[in-house]
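The numbers here are math on the coordinates, done by the rules we state, and not lab data. Here the structure is a predicted model, which means the values were calculated and not measured. So basically every Cβ, Gly included, is an ideal-geometry build from the backbone, and we count neighbours across all protein chains shown.
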Amino acid sequence: MRVTIRVFQVLGLVAVAESFAPSLTTSRRVSNVRVTPTRILATPQEDGATATTSKPQVQQLGLLTFDLDDTLYPIEPVVQAANDAFVSAMEKYGFPGLSAFDIVETGKQVREEIAKTDPERAAALTHTEIRELAIRREMEKMILQRKLKEVADDWATPVDSLTAIVKKHAETWAKNAVSESIVQSVLTEWEMARHHAAERNVFPHVIDSLKKIKEEHPGVIIGAVTDGRANPLLMTFTLAPYFDFCMSWEDHQGGRRQFFKELGEVGEEAELTWIYDAARHQYAILKQAQDAINSVKNNEPVKPLVWPDNYDDLVWIHVGDDLAFDVGGSSACGAKTILVELPKALGQTAPFRFDLSIEQPSWSTTTRKELEARIKMNEAAREDVNVQINTMERLPIAINEILRGDA
């Protein structure tokens, strides 16, 4: 079956032919990018076809970046496995009787409480920060219950009869009795279980496609761009051999806070480029080092790659499932984009996370206001998709279509 693909020529700061062309500024907004659509037809069988008309020379792939959750593996079973590990860890450290639902609901509650006094901080909280606060809150609740019962038993009186001042002192006790090292241990077990589950649930054809990409483009630098704590370099049995770096939203707090501040103020015009600029900067560092190594071998001079003034003219492609964050953000920085929308049977949640008419996933802490803004951003980014695929088996073909100028 033929797949219809849109090709867009980006006017202004981002040039089609040079994904790493010099820019006058690193601050760009998705809404300011103008595009002119063209329609072409392509099928998987055309990967080796000979063009009947003159085409530009095939470009070289320099940087390939991936979103992780719901792009390389389904997020739902991964989070479920991690939440099960959380319950086991809490019980192991003396806090039994909790469920995965408790930690999710407590996280939402903590975020709502912070939003009442500091909405910007609440919006910018990372997944890890919310989870850590929720773990601490659950520990405090259980320690408080134990302390109140201890006092009541000592005084031979029911807990309900304890005075407000006694309860207040007991709350102070509970807050200070929580061990930070235990909180971090529980969080670590959650993250370890998350990575193990991700490895068990990698989508079909992901590993084979990564192998083929490495074979066809031996000089490519591959990185991950994610808004969570997932890191392919920790997935040693599956993804780690194919990735060179990981860029996490959680590691760049300044840019994250600014983005969510703008998301609340201007909606679909929120600045999306900061994390991708950081990824491209990391590419420049690694590429410069690799070029220096090659120069010693070949006795050739090295061309400096100065961030953010100039890069090389190799192509950058970003692969992801999220229209706003993956497509909109990366294309505004000069990347060509591949949108991954897999069959529902594989468990990908992206097509359903932004439907306000259905219940959101149980693990989601996104507010309705944020969802409404994201939906607008998704609509604006749809025209920036270069290639859309419904199986990871087609990823190497999609990359070659972009490099040939067919997408």
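Here are a few things to note about the model shown:
- Treating r as the C-beta distance of Val159 and Gln109 and R0 as 30 Å, the FRET efficiency rounds to 0.85.
- The slack in the chain from Arg146 to Asp313, taken as 0.36 nm per residue of separation less the alpha-carbon distance, amounts to 53.7 nm.
- Modelled FRET efficiency - R0 22 Å, Asn298 with Asp208, Cβ distances, 0.05 increments: 0.10
- Placing a label point 7 Å from the Cα of Ala289 along the Cα-to-Cβ direction, the residues of region 231-251 with a backbone N closer than 18 Å are 232-234, 240-248.
- Taking label positions 7 Å along the Cα-Cβ direction at both Lys92 and Val166, the computed distance is 3.7 nm, reported to one decimal.
- Note on Asn176 and Ala345: their simple-model spin labels are 6.0 nm apart, each label 7 Å out from Cα toward Cβ.
- For the residue pairs Lys214/Lys376; Lys141/Lys344; Lys108/Lys336; Lys214/Lys336; Lys108/Lys214; Lys287/Lys336, the C-alpha atoms sit more than 30 angstrom apart in Lys214/Lys376; Lys141/Lys344; Lys108/Lys336; Lys108/Lys214.
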